[in-house]
Amino acid sequence: MTVDRRWRIGLRVLGLGYLAALLLIPVSVIFYRTFEHGVTSVLDSITTPQAVSAFWLTIEVSVIAVVLNTVFGVVCALALARGRFRGKWLLDALIDLPFAVSPIVIGLSLVLVYGTNGWFGSALTNAGIQVIFSFPGIVLATIFVSLPFVVREVTPVLREIGDDQEQAAATLGASGWQTFWRITLPAIRWGIAYGVVLSTARAIGEFGAVSVVSGHISGETITLTLLVEQRFQNYDLSGAYAASALLAVIALATLLAMTTFNRRKEESEA
Amino acid sequence: MIAARSITKRFGEYVALDDVSLEVPDGSLTALLGPSGSGKSTLLRIIAGLELPDSGMIEISGTDATNVPPQRREIGFVFQHYAAFKHMTVRDNVAFGMTIRKQPKDRVRDRVEELLGIVGLAGYADRYPNQLSGGQRQRMALARALAVEPRVLLLDEPFGALDAKVRTDLREWLRRLHDEVHVTTILVTHDQEEAMAIADHIAVMDHGRIEQVGSPLELYDQPANRFVMGFLGPVSQLGDKLVRPHDIAVLSEPDAGTFEAQVTRITYLGFEVRIDLALDGQDPVTAQLTRDEASQLELTAGDIVWLRPTAGTPVDSIPGDAPVTTVPAAAADDAAE
């Protein structure tokens, strides 16, 4: 199909303009505002005890959530792509729940279940475990919102490669476990990598659900996104910009990793 | 000996195998031949342990293997689409079964070299499967299956994904390999020419049943029923006889016992010439002549000729109501499975 030259240019301008207005300009403004008063003030602002604590909290929470979601995601993907069991459609539908439900509702539901007055609240309190307004709650909320990515990336890859290779390995004497490590896992590794990157991006950037369960205890339960909001609410605009810039840098690194993995994935499938 | 005894397998309502029994002698090359949906692949997968039968029993070398998992059946399985381990080199593919069995490294290395030599991939050990052609991939898959010294080699449409030339080369190569290695082999195919060209025994299957087991010649000359007759090669009915295309003499003059027919189409297939003919009140007939015979008759489409069966089977003597086909079975079934 040949499109008129003017149309082609027009469409390109429209596409790039849309991206620029929504993404490029706001992100650039953040970077501009961040470094407006020099690098030193930025460094000071992101090395305050609160900022450092928020940074490490974000990293810790994300690592735990992503590791758990990767293990769960691969098991689930195997069940969906290979398993034959009743209620498979239900599992399939439930996995998308975190996409469908607003994060703030997820946060509230966690409070209802694990909060002091929640279902498990008294049992947990008696056991001396505090979930809500504490580290475990933030981890739970983050796991919940980033749950679907690995499953959704790996399942189609498993379906695509089929089970021929796994069956061949079985006839050659490999146990289920050996087949998984030697055949299945290498075949889906780029799918997993891509899913991990997406989960990481989501986990680091999560705000709504974490905001509900965090309790906003400065230096303890404040993640990077919450720090941005807190500084913004306190009219510490340059501080908010600096924290945002840090988040944006992490996001850009993730994006870069994602592009690389995606290319590797396409290459290995070719 | 490999034996299947009264195997029945259903997929939901669909009966894939209906009380099937088969014995495969040691050292033989047996073909399971049938159209798509005949149950031949399912039977092979049950022998391999990749599917479990609903009822019945599988015996390998006299022992009950019905509930033995595929890992411990000592089989080699070759898939239609190669099932190459894409992330491994040819060497690691072939070595896989031996590595799993934790055999000594130098022994594995020697055996892999030997097998790659046998299958003609000597210089290819460090390549990846996607750097090989289809035929090479399938030879690699064969080497991989043979590496574990299986008691039986199971081939599921092994040449089905290859183009015609490679297919013919590989099946002759497989026959020679079998004469050298002597491993009991079961081959699933929908191509009757392939089965006849390489198998000692053929089991013809249809609708989840085995219709007949025998040598290629027995099946061709003494088919048990019309389905087997039609599946092993084209058949036409001429008067009260079922005849093969090469059992029809084409004459330019009428004679006693001849049938008048009109030439509808002449197809030159190299040495062989195929002539489609229309008869009054009968189904169309295909005759096969040599190039010389055809050129002596100087036929063109539209000519009137007379046909005489030179051999054939009386219609009443062969059971079955399966439609007799004038289309070569392989051509009709090329898109199978």
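The figures follow:
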{"item": "Filter pass, A:S122 being buried (at least 21 other Cβ atoms within 10 Å of the Cβ), over 22 Å from A:T254 (Cα atoms), more than 11 Å from chain B (Cβ to nearest Cβ) and among the polar types (S, T, N, Q)", "result": "no"}
{"item": "Members of the stretch A:150-183 found to be of a type in the set (V, I, T) and under 16 Å from B:P70 (Cβ atoms), listed by number", "result": "A:T171, A:T179, A:I183"}
{"item": "Criterion: under 23 Å from the mean Cα position of the chain (by Cα), away from chain B (no Cβ under 14 Å) and either crowded, with 17+ Cβ neighbours inside 10 Å or in contact (Cβ under 8 Å) with a residue 12 or more places away in the chain (or both) - qualifying residue of A:V111, A:V67, A:V157", "result": "A:V111"}
{"item": "2 or more residues open to solvent by 30 Å² or more (accessible area, probe 1.4 Å): qualifying strands (runs of 3 or more DSSP E) within the stretch B:191-265", "result": "B:209-214"}
{"item": "Members of the stretch B:124-141 that are in a helix (DSSP H, G or I) and either of a type in the set (A, V, I, L, M) or without any contact (Cβ under 8 Å) to a residue 12 or more places away in the chain (or both)", "result": "B:Q131, B:M140, B:A141"}
{"item": "Subset of the stretch B:59-73 [surrounded by fewer than 17 Cβ atoms within 10 Å (Cβ to Cβ), in contact (Cβ under 8 Å) with a residue 12 or more places away in the chain and within 14 Å of another protein chain (Cβ to nearest Cβ)]", "result": "B:V68, B:P69"}
{"item": "Condition check for B:G56: touching a residue at least 24 places away in the same chain (Cβ under 8 Å) and within 22 Å of B:D200 (Cβ to Cβ)", "result": "no"}
{"item": "Total residues in the stretch B:85-141, condition more than 14 Å from every other protein chain (Cβ to nearest Cβ) and either more than 25 Å from A:D163 (Cβ to Cβ) or open to solvent by less than 20 Å² (accessible area, probe 1.4 Å) (or both)", "result": "22"}
{"item": "Positions within the stretch B:266-283 being surrounded by fewer than 15 Cβ atoms within 10 Å (Cβ to Cβ) and either within 18 Å of B:G312 (Cα to Cα) or within 28 Å of the chain's Cα centre (by Cα) (or both), in sequence order", "result": "B:T267, B:Y268, B:L269, B:G270, B:F271, B:E272, B:Q282, B:D283"}
{"item": "Qualifying positions in the stretch A:168-190 - among the polar types (S, T, N, Q) and either surrounded by fewer than 20 Cβ atoms within 10 Å (Cβ to Cβ) or on the phi > 0 side of the Ramachandran plot (or both)", "result": "A:S175, A:Q178"}
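The values are calculated or read from the model by the stated rules, or taken from the named source; none is laboratory data. Just so it is clear, the structure is predicted and the values come from calculations on it, not from any experiment. All Cβ positions, even for glycine, are placed from backbone atoms using ideal geometry, and neighbour counts span all protein chains on display. For the accessible areas, the whole protein counts, side chains as well, though only heavy atoms, and no ligand, DNA or RNA atoms are used. Shrake-Rupley method; radii C 1.70, N 1.55, O 1.52, S 1.80 Å.
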